[in-house]
Amino acid sequence: MSNNKQRSADPAGQHMLKRAEKEGFETVWDRYEAMLPQCGFGQLGVCCRNCYMGPCRVDPFGNGPQKTVCGADADLVVARNLIRQIAVGSAAHSEHGRDVAHALLLASEGHGGYEIKDEVKLHALATEWGIKTDGRKVNEIARDIALMAENEFAKQHGDLLFTKRVPERRREIWKKLGVMPTGIDREIVEAINRSHMGVDNDYRSLVFSGIKTSLADGWGGSMIATELQDILFGRPRPLRAKVNLGVLKKDQVNIVVHGHEPTLSMMLVKASRDPDLTALAKEMGAEGINLAGICCTANEILMRHGIPIAGNHLHQELAILTGAVEAMIVDVQCVMPAIGELAKCFHTEVITTSPKGKAPGTTYMEFHEEKAYDTAREIISKAIKNYQNRNHSKVDIPQEEMDIVAGFTTEEVYNILGGKYRPSYRPLNDGIIAGRIRGVAGIVGCNNPMVPQDFNHVEMTKELLKHDVLVVETGCAAIACGKAGLLKPEAAKDFAGRGLQEICEAVGIPPVLHIGSCVDNTRILTACLEIMKEGGIGNDFNELPAAGAAPEWMSEKAIAIGHYVVGTGIFTLLGGPPLPILGGKNVTKLLTQDMEEITGGKFVFEPDPIKGAHKIINHLNKKREALKLKPMMYPVEVDKGVTKAEAGVPVTV
Amino acid sequence: MKKIYCEINKCFACKGCEIACAVQHSESMDLYQALWEEHPPFPRIFVKSKAGKSSLLYCHHCDKPKCVAACVSGALTRASDTGEVILDTSKCDGCWKCVAACPFGVIIANHDLKKAFKCDLCKGYDMLACVKACPNNALHYCTQEEFQQIVKESSMKVKAGV
């Protein structure tokens, strides 16, 4: 008998879990509990399956073998595994970027139904990349950008273009460490090569190679995705929307889009507004078409079109369990293989669209960027026809539906803070210098059944807000806090400390800014660049009173992101499980202690969200002191210091 | 009396039981924190494998325990009602006579703590750590009769091609 409050802190989640239990539907939580206890060797990273002299394992307690068959010790095994994970995570983001570059190329040639929405950003990027813009047509410039972006993947020489954005001293650090990334595909391939049996046998060398690969993601693949998506689909603007399962409507055709690439989801948005299709929906007896999203693709269409979000990662099965979903359309990443089987218990059709993302028990309708709009119409049409098959007596949609404000970007912050005529980051910097805002924290990342759904995101965010930390969020974390009501402007009154409240009220923003999907974590990097340019609070990333956290992470993408943030010089806290490196004591020491002297960033593992918030707060205080900023204007009475953070123990006892 | 029994043909010698036993008996009882403890945790159950065949070593609670006979400090006793062989660590002198006496070699001489240890059937816990941890459900905590029944059912499943 499972306690649903332990499984999800979200009342909508609890509601659906009750149904699942009552009616005997298997969910990710059941599968997680059945898997316990999970393999200790795997958790510690000391299992090696790279070659077939093995597989091997190193005994973490020192009783059994301490060296694998080839002679690797625990640190080497851990390090080889780590860079494979970074390579996979970077590959996922980078393929996304590649697909966006391809879509931009198509748009420049007038194919597929893609248009170029943001000419301002187009011109800005073209100028940055040295592309001639005078007297040239938009689509010519776009073509050049797309080709240059595609070339970033194939490059064999030179530095990745976006690394030029970074302050000179940071570039020097990267050059000195040998981690300046060259070509996106190349860095991923090199990492995989190094992890092969008998290539890179030095754990330090491997860790830095991993950082290089991750930088090719953060300042490469992911950043290309964000910037080119803005050009293609428009830069997001602040808007109001709704989030949680209550956005599904009993009298409409509910189409849930899940996965990551807006090249698909944007087209679905466009097709869902087609008057022919709306008429078809009415013919089927529905009031209309209701598009809703799950995971990052949800964030993409939320940020630009205000499309409601049905939920985050752990809601993907629960959405199907409402019995109200005509189709769940998926592309790539974070899609559980279980949904095909589950959907069969209802009329729901799971439609896979990517040749890279097939699944059992689903209908495959291949999405080609070349015929994007036509394919999108076909898919929506199929979903609408499925409305006839809905069993209305089996429908159970929880009532939870929360208002949110989303759509913040690096560029938008200028406008918000300074207004139309004097856009500037000055008010933010001044707020930090004067002590109204302690610093900025980026709370990002996934859901994980190891943690009650959303609990860590919400508790950590609330604790940070209480201490005047401005929080920016992406991905499933942003959706989590959205569901809990932290993305409303009113949230400042309820949750923020006095200094943060004053800024939020003056400017009209929520205390938590939703800045997008997981590739949009690069907006955190570009925002930091603007903050540094504006001046007064640090000349490199490691000097800023800033920190990142992924309180419920689970994916290899998160491992890649964590490494590019640490490699860029920012403190990164992981909740939920630690990185699978603790079996390698030296690797652990390198990433959680020594790295601070080397790149300025480091990893901290802390399963408790309140303790984690305080470790972040301590870090921000440390940075403020080093910059000799004014003390906090409205100090919070209980400023708990957590001394174990510096004691060298990577996991709190 | 209930004891640990193993369907040895299901054992892959993955050593999940060893890790679970060590963590269960550690101070923190958490895998990640156990690594940092002053006294490294250690298992009371051992997996060996040769030529693809596994063997599992742990205290069998002998009817005529040689370890009890060898013990000079009275730390080792046999409960007359259950037949369980109990090691009271607080009375152990670290003389290692029991270690030498055990015909299965399952008593551990821990030189760090200077005391002997053996499987204690996870006294005080709701489930045996090794039994819970086995990914193949090869380990069982039951009576001999119950185990015979389990083996019978398993072999019937095999015959039926399940």
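Viscosity 1.567 mPa s, temperature 4 °C: what is the translational diffusion coefficient of segment A:582-640 from Stokes-Einstein with a Kirkwood Rh over Cα pairs, rounded to a whole number of µm²/s?
Diffusion coefficient, whole number: 97 µm²/s.
Please state the Cα pair-distance histogram of segment B:75-129 with 10 angstrom bins from zero: what percent is in each bin?
Binned Cα distances yield the sequence 22, 51, 25, 1.
Taking only protein heavy atoms into account and a 1.4 Å probe, give the accessible area per residue of segment A:476-536 in Å².
That works out to 28 Å² for each residue.
Pop out a list of residues from segment A:7-44 that are at least 30 Å² less accessible with all the protein chains around than in their chain alone; 1.4 Å probe, no ligands or nucleic acids counted.
A:PRO37, A:PHE41, A:GLN43, A:LEU44
Can you tell me the Rg and the Dmax, both Å, for the Cα atoms in segment A:306-392?
Final numbers for Rg and Dmax: 12.7, 37 Å.
Using only protein heavy atoms and a 1.4 angstrom probe, determine the accessible area buried between B and A, summed over both sides, in Å² to the nearest 100.
Result for this pair: about 1700 Å² buried.
Please list, ordered by chain and number, the residues whose modelled amide H lies under 5 Å from the amide H of A:MET402; skip anything fewer than 5 residues away on the same chain.
Long-range HN contacts for A:MET402: A:VAL243, A:ASN244.
Let me check I've understood the local charge: for A:VAL253, count other residues with C-beta under 10 angstrom from its C-beta, Lys and Arg +1, Asp and Glu -1. What total comes out?
Values: positive: A:LYS249, A:LYS282, A:LYS385, A:ARG390; negative: A:ASP251, A:GLU287, A:GLU326.
That works out to +1.
Assign unit charges at the C-beta atoms only (+1 for Lys and Arg, -1 for Asp and Glu), then state the dipole size of the protein assembly as shown relative to its Cα centre in Debye, rounded to the nearest 20.
Dipole of the protein assembly as shown, to the nearest 20 debye: 1580 debye.
Two decimals is fine: what is log10 I(q)/I(0) at q = 0.09, 0.11, 0.12, 0.15 Å⁻¹ for segment A:458-606, from a Debye sum with one equal scatterer on every Cα and no solvent?
-0.29, -0.44, -0.53, -0.82
Among B:CYS122, B:CYS71, B:CYS6, whose Cα projects farthest towards the positive end of the dipole of segment B:1-123, with charges put on the beta-carbon of Lys, Arg (+1) and Asp, Glu (-1)?
Checked the options; the winner is B:CYS6.
Provide the per-residue ³J(HN,Hα) series for segment A:335-345, in order, calculated from phi with Karplus coefficients 6.51, -1.76, 1.60 and θ = phi - 60°, each as a whole number of Hz, with x at glycine and proline positions.
8, 6, x, 5, 5, x, 5, 4, 4, 5, 6
Express the Stokes-Einstein translational diffusion coefficient of segment A:159-244 in µm² s⁻¹, to the nearest whole number, given a Kirkwood radius over alpha-carbon pairs, 37 °C and a viscosity of 0.692 mPa s. Walk me through the intermediate numbers first.
Details: Rh = 14.8 Å.
The diffusion coefficient I find is 222 µm²/s.
Which whole-number value in Å³ per residue fits the convex hull of the alpha carbons of chain B?
Working: hull volume 22.0 nm³, N = 162.
So the per-residue Cα hull volume is 135 Å³.
Could you work out how far the C-alpha centroid of segment A:211-276 sits from that of segment A:595-634, in angstrom?
After rounding, the separation between the Cα centres reads 32 Å.
How would A:THR362, A:THR375 line up by accessible area, probe 1.4 Å, largest first? Please list the in-between numbers first.
Values: A:THR362 35, A:THR375 10 Å².
Sorted descending by solvent-accessible area, the residues read A:THR362, A:THR375.
Find, to one decimal place in angstroms, the Kirkwood hydrodynamic radius of segment A:378-533, where the mean of 1/r is taken over every pair of different Cα atoms and then inverted.
The answer is 17.0 Å.
Looking at segment B:20-38, which residues lose a minimum of 40 Å² of accessible area between their chain alone and all protein chains in place, measuring with a 1.4 Å probe and not counting ligands or nucleic acids?
B:LEU31, B:TYR32, B:GLN33, B:LEU35, B:TRP36
Would you check the accessible area of A:TYR373, probe 1.4 Å, heavy atoms only, in square angstrom rounded to 10?
60
Net charge around A:ASP75, counting only other residues with Cβ within less than 10 Å of its Cβ (Lys, Arg = +1; Asp, Glu = -1)? Walk me through the numbers before you get to the answer.
Values: positive: A:ARG80, A:ARG204, A:LYS585, A:LYS589; negative: A:ASP73, A:ASP202.
Local net charge: +2.
Measure off, as a whole percent, the carbon and sulfur share of the 1.4 Å-probe accessible area of the protein assembly as shown, all protein chains present.
Carbon and sulfur atoms account for 53 percent of the accessible area of the protein assembly as shown.
On average, how many beta carbons from a partner chain sit within 10 Å of the beta carbon of a residue in A:53-61?
Values: counts 0, 0, 0, 0, 3, 0, 5, 8, 12.
Per residue, the number of nearby Cβ atoms from other chains is 3 on average.
Sort A:531-541, A:514-524, A:484-494 by the packing proxy (mean of other Cβ within 10 Å over each peptide's residues), most packed first.
In descending order of packing, they fall as A:514-524, A:484-494, A:531-541.
Would you mind computing Rg(Cα) / (2.2 N^0.38 Å) for segment A:237-294, counting N as its residues?
Details: Rg = 12.1 Å, N = 58, 2.2 N^0.38 = 10.3 Å.
That works out to 1.18 for segment A:237-294.
Give me the Kirkwood hydrodynamic radius of the protein assembly as shown in Å, from all C-alpha pairs, to one decimal place?
28.7
Of the beta bridges DSSP finds with both residues in chain A, what % are antiparallel, to the nearest 5?
Percentage antiparallel, nearest 5: 15.
Need one number: convex hull volume per residue for segment A:1-124, Cα atoms only, in Å³.
267
Could you compute Rg(Cα) / (2.2 N^0.38 Å) for segment B:14-109, with N its residue count?
Working: Rg = 15.0 Å, N = 96, 2.2 N^0.38 = 12.5 Å.
So the Cα radius of gyration is 1.20 times the expected 2.2 N^0.38 Å.
Using only alpha carbon positions, build the gyration tensor of segment A:507-547, then give the equivalent ellipsoid semi-axes as the square roots of 5 times its eigenvalues, largest first, whole angstrom. Spell out each step's value before the answer.
Working: eigenvalues 76, 40, 16 Å².
Three semi-axes, in Å: 20, 14, 9.
Divide, for segment A:445-497, the radius of gyration over alpha carbons by 2.2 N^0.38 Å, where N is the residue count.
Dividing the Cα Rg of segment A:445-497 by 2.2 N^0.38 Å gives 1.07.
Kindly report the accessible area of segment B:50-119 per residue (heavy atoms of protein chains, probe 1.4 Å, no ligands, DNA or RNA), in Å².
About 56 Å² of surface per residue is accessible.
To the nearest 20 Debye, how big is the dipole of segment A:468-567 about its Cα centre, given +1 on the beta carbon of each Lys and Arg and -1 on that of each Asp and Glu?
220
Once amide H atoms are placed 1.01 Å from N in the peptide plane, what residues at a sequence separation of 5 or more from B:SER49, or on another chain, have their amide H within under 5 Å of its amide H?
Here B:SER55 satisfy the definition.
Quick one: which residues, 5+ away or cross-chain, put their amide H under 5 Å from the amide H of A:VAL604? H built at 1.01 Å from N.
A:THR572, A:LEU573, A:LEU574
From the phi angles alone, apply the Karplus equation (6.51, -1.76, 1.60; θ = phi - 60°) to segment A:131-143 and give each ³J(HN,Hα) in whole Hz, x where the residue is Gly or Pro.
These are the phi-based 3J(HN,Hα) values: 8, 5, 10, 4, x, 9, 6, 3, 6, 5, 4, 4, 4 Hz.
If you build the Cα gyration tensor of segment A:69-212 and take the root of 5 times each eigenvalue, what three semi-axes come out, in whole angstrom, biggest first?
After scaling each eigenvalue by five and taking roots: 37, 17, 10 Å.
Could you tell me how many cubic angstrom of Cα convex hull volume segment A:507-586 has per residue?
117
Considering the options A:PRO37, A:GLY24, A:ASN81, tell which one lies farthest towards the positive end of the dipole of the protein assembly as shown, charges being +1 on Lys and Arg and -1 on Asp and Glu at the Cβ, about the Cα centre.
A:PRO37
Working only with C-alpha atoms, what are the Rg and Dmax values of segment B:25-66, expressed in angstrom?
Final numbers for Rg and Dmax: 14.9, 40 Å.
Taking the square root of 5 times each eigenvalue of the Cα gyration tensor, what semi-axes in Å does the equivalent ellipsoid of segment A:193-322 have, largest first?
39, 17, 13
Hey, what do the phi angles of segment A:358-366 turn into as Karplus ³J(HN,Hα) couplings, whole Hz, using 6.51/-1.76/1.60 and θ = phi - 60°, x for Gly and Pro?
Each residue of segment A:358-366 in turn: 8, 7, x, x, 10, 9, 9, 10, 5 Hz.
Along the charge dipole of the protein assembly as shown, pointing to its positive end and built from +1/-1 on Cβ of Lys, Arg, Asp and Glu, which listed residue (A:ALA480, A:VAL253, A:ALA491) has its Cα farthest out?
Positive-end residue among those listed: A:ALA480.
Mind putting a number on the dipole of segment A:161-222 about its Cα centre? Charges go on the C-beta only, +1 for Lys and Arg and -1 for Asp and Glu, and I need it in Debye to the nearest 20.
Working: 11 positive and 8 negative charges, 74 e Å.
Here segment A:161-222 has a charge dipole of around 360 debye.
The values are calculated or read from the model by the stated rules, or taken from the named source; none is laboratory data. Here the structure is a predicted model, which means the values were calculated and not measured. Cβ: placed from backbone, ideal geometry, glycine included. Neighbour counts: every protein chain shown. With ligands, DNA and RNA removed, areas are computed over all heavy atoms of the protein, side chains included. Shrake-Rupley method; radii C 1.70, N 1.55, O 1.52, S 1.80 Å.
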